[in-house]
Structures are given as C-alpha cells and as structure tokens.
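This report concerns only the one structure given below.
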Amino acid sequence: MGHRLREIRQGARLMQKDSRQPAISPSKLSRLERGLHRVRVEDTVQLVERYQVGEAEAEQLVQLTKLANEPGWWAHHKKVVPPWFDRFIGLQEAATWTRTYEYQLVPGLLQTEEYARAVTEVKYLLAGAGEVEARVRLRMERQELLGSPARPRLLAILHEAVLHSHFGGPQVMRRQVEHLIRMASQPNISIRVMPFTNQCVLGSPMTLLRFDQYQLPDLAYVERGSRSEYIGELEETDYFSAQMAQLVVHSASVGDSLAMLKSAL
C-alpha cells in the first residue's frame, strides 16, 4: 500500500512536503510510504484527493487500504504477540530476503519444536505451560514462511557458541544441529558459523529485511536486552548492512560452516 502511494505521488510529480494534509505531515507520509505506519482509510481519501486520482483507482486504493488493515494469520496468537513483534512478523512475511545474526540462540526460523520449547521456558520463567505452548506454536507456524511459494531467502549467521549451548540437554541440541544441517541444504537458506577464533562479534542480535518485490528500502531490526528497535533511515540501515557484510566476511564459508555443524553434532 505504501509503495503504491509513493508511485502515485511521484507520478503526480509531487514531493512529500508538497503533499501536506491537515492530518498527514511529510514525516508521517514518509512512514506510510515505507510501510512503517498503518494506513487508515481517511489517510487514503485525503491523499487521493490531493493527488487528483481518478474515481475508479481511488476506490481500488480504499479497498486495498481495508485489505492492508486485515489482521495477519498470527492474530489468533495475540495473547503472546506484543505490538512491537506483531509488526516484525508482518514485515518478515513481506520480505524477500532476511539476513540475521545470533550469538546466543539458533534463530527462531530455524529452531526445532523441542529446542524452541526449552528456550521459551528459560526466557519466560513465570509463564504457565499454556503460554509456553502458545509461544512455541507461533514460532513453528512462522517457519512455514520458508517453505511457502514465495520462497524468501534466509542468511543466518550463528556464533559458534550457539552450537555449544545445550538448551534442553545434549539430545535436544543434537536434533537441533541435525535440523540445521538439513535446512542448510535448502536452496533458499544459507547458514554461516562465526568461529570462536574470530573477534568480529556484535553484542546484539540483528536482522535485516529486504523488500525487492515492493522496491522499499531495507529495514533493520535490532534487539538490545529487553528492548527492540526498528531502523529504516537510509544512513542507519547502511551502517547495519555494513556490519552484516563484515560478519559474512569473517564467518566460515558455507562449506566450512557445514563441517563445523557436523563437528558439533
């Protein structure tokens, strides 16, 4: 929806500052066009009037706005999905390429069910059995994205320490590493391991999302302790892209990473 609004504005040869409406500032419009702000029907109506869009296309845009506001498949997990993570799931669903770095845990998209359960029990110490299972189910359903017809690409960089943290015990971890080896054989998945001997280590997990289909800029998602942050400004995403490139350069090759997985097994 944001991509289409940008196309129409540019077709009308207007700058974002020329599209000012009573309730839509240039900064808000920028967020709408980048998919970082929910588009309301009233926003669409104001913008199509400003852009002098024809009646038929204006109606199509209103309908698209309503569709964009339909809850995602994960809505039935709303009790365990905080608002900030709801947004991440939706963005990842739309991404054509996900690059992620983890130094403590196997990334969620690559976790086995029993490993996910062991991690969840540690992370949410006060959660009851029902909440733990709900969180595990959400994680398992999210993984279906990798086998969907869209076949988004995934690059996962794991610090070697991840392979030696026995969440759930050695047998759970063994099956987790076997799963990583299987997933690494998928054409849309690349797994790289950062060796202990390499000092190129970041203190926070991060994920970069690319949206080739929608011609939108990359988005960085960074976790810092109990907080998370979405970064969409070009200068900042360039910085995180450079960090990710450094991680790739200093990690083991795909072949050597596979050998390290088998050694850990």
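The values are calculated or read from the model by the stated rules, or taken from the named source; none is laboratory data. Everything numeric in this text was worked out from a predicted model, so none of it was measured. When we count neighbours, we look across all protein chains shown, and the Cβ atoms used for this are built from the backbone with ideal geometry, even at glycine. Each accessible area value is taken on the protein alone, full model and side chains, heavy atoms only, with ligands, DNA and RNA left out. Shrake-Rupley method; radii C 1.70, N 1.55, O 1.52, S 1.80 Å.
Ignoring lysines fewer than eight residues from Lys123 along the same chain, the ones with Cα atoms less than 28 angstrom from its Cα are Lys78, Lys79, Lys262. Only beta bridges with both residues in the chain are counted; by DSSP, about 55 percent of them are antiparallel. Would you mind checking the tilt of helix 170-184 against the longest principal axis of the Cα atoms of the chain, expressed as 0 to 90 degrees and rounded to 10? Value to nearest ten degrees: 50. Just checking the listed ones, Ala242, Ala94, Ala252: in the Gaussian network model of the chain with Cα springs under 10 Å, the one fluctuating most is Ala242. When shorter helices are ignored and each DSSP H run of at least 4 residues is given -39500 (n - 2.57), the per-residue value for the chain at 222 nm works out to -14500 deg cm²/dmol. Sites listed here are chymotrypsin sites (Phe, Trp or Tyr not before Pro) in region 95-136 whose DSSP assignment is loop and whose Cβ has at most 15 other Cβ atoms within 10 Å: Tyr124. Accessible-area rank, largest first, for His250, His179: His250, His179, with all protein chains present and a 1.4 angstrom probe.
Taking a ≥ b ≥ c as the square roots of the eigenvalues of the Cα gyration tensor, the chain is classed as prolate, since a/c reaches at least 1.5 and a/b is larger than b/c.
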